[in-house]
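A short worksheet on the structure shown next.
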Amino acid sequence: AQSVTQLDSHVSVSEGTPVLLRCNYSSSYSPSLFWYVQHPNKGLQLLLKYTSAATLVKGINGFEAEFKKSETSFHLTKPSAHMSDAAEYFCVVSDLYNAGNMLTFGGGTRLMVKP
Amino acid sequence: NAGVTQTPKFRILKIGQSMTLQCTQDMNHNYMYWYRQDPGMGLKLIYYSVGAGITDKGEVPNGYNVSRSTTEDFPLRLELAAPSQTSVYFCASTLPSSYNEQFFGPGTRLTVL
């Protein structure tokens, strides 16, 4: 069975300061992990993915995430927030042997960026 | 490529009405999915399909039906609309392998009154 917990439902940062969105996962097998972003009234866009290669994954728009197996974590970071980063972020897991490649979504973290 | 397209974008239904949400992808993806997203929540899987003629239930299938007669199309049917089905519905597709991300459509916002 697979599950995802996003530890913060809301995160507020000032523009230009670092961003940290926390995610813990549970997976019976080797997981693939994803971060998706959803801007207001839009669909979901892939930010980055981990698929058992490098543990530090770089994504679009300056985001990156580090896979830590010992901590079962996949936190999303960005050195300097922009106003355009304000959105909902979803951490997502998929087991290697998951029939149908079904994704399990976390509850989401709403990122607010103050000027 | 248009990617994953969904129609309609918005719809208001009365209780007991029926409708079909359309989803089409032009990426030749075998796997397709229907999710619903309730306000302030993550996405929950309704149904999925691993190929034409093959469908299976996800986490929240009650009140919905699907069919997959072609690789490209995966319509979602609501037979007797209920207020609890008010939600945003997303269709997605991917190639086989858990390493592959799913590609999402823009969503259909459905309100049942």
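The values are calculated or read from the model by the stated rules, or taken from the named source; none is laboratory data. Bear in mind the structure is a predicted one, so any value in this text is a computation, not a measurement. Quick reminder, even Gly has a Cβ in these numbers, built from the backbone with ideal geometry, and neighbours come from all protein chains shown.
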(request) Can you confirm whether the stretch A:21-28 contains a residue that is under 29 Å from B:S87 (Cβ atoms), within 11 Å of chain B (Cβ to nearest Cβ), assigned to a strand (DSSP E or B) and of a type in the set (F, W, Y)? (result) no
(message) One residue is enough: does the stretch A:69-80 have a residue meeting the conditions touching a Leu at 6+ places or on another chain (Cβ under 8 Å), of a type in the set (F, W, Y) and closer than 25 Å to B:G3 by Cα?
(response) no
(request) Please specify each residue of the stretch A:100-115 satisfying the condition of being at the interface with chain B (Cβ under 8 Å from one of its Cβ atoms) and either assigned to a strand (DSSP E or B) or not polar (S, T, N, Q) (or both). (result) A:G100, A:M102, A:L103, A:F105, A:G106, A:G107, A:G108
(request) Please go through the stretch A:1-45 and pick out each residue that is at pLDDT below 95 and aliphatic (A, V, I, L, M). (result) A:A1, A:V4, A:L33, A:L44
(message) Given the criterion hydrophobic (A, V, I, L, M, F, W, C) and under 12 Å from the mean Cα position of the chain (by Cα), identify the matching residue among B:F10, B:F103, B:F74.
(response) B:F74
(request) Read through the list (1) within 13 Å of chain B (Cβ to nearest Cβ); (2) within 13 Å of the chain's Cα centre (by Cα); (3) touching a residue at least 40 places away in the same chain (Cβ under 8 Å), then give the number of the only condition that A:D95 fails. (result) (2)
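Looking only at the stretch A:60-87, which residues are among the charged types (D, E, K, R) and either surrounded by fewer than 17 Cβ atoms within 10 Å (Cβ to Cβ) or at the interface with another protein chain (Cβ under 9 Å from one of its Cβ atoms) (or both)?
Those that are among the charged types (D, E, K, R) and either surrounded by fewer than 17 Cβ atoms within 10 Å (Cβ to Cβ) or at the interface with another protein chain (Cβ under 9 Å from one of its Cβ atoms) (or both): A:E64, A:E66, A:K68, A:K69, A:E71.
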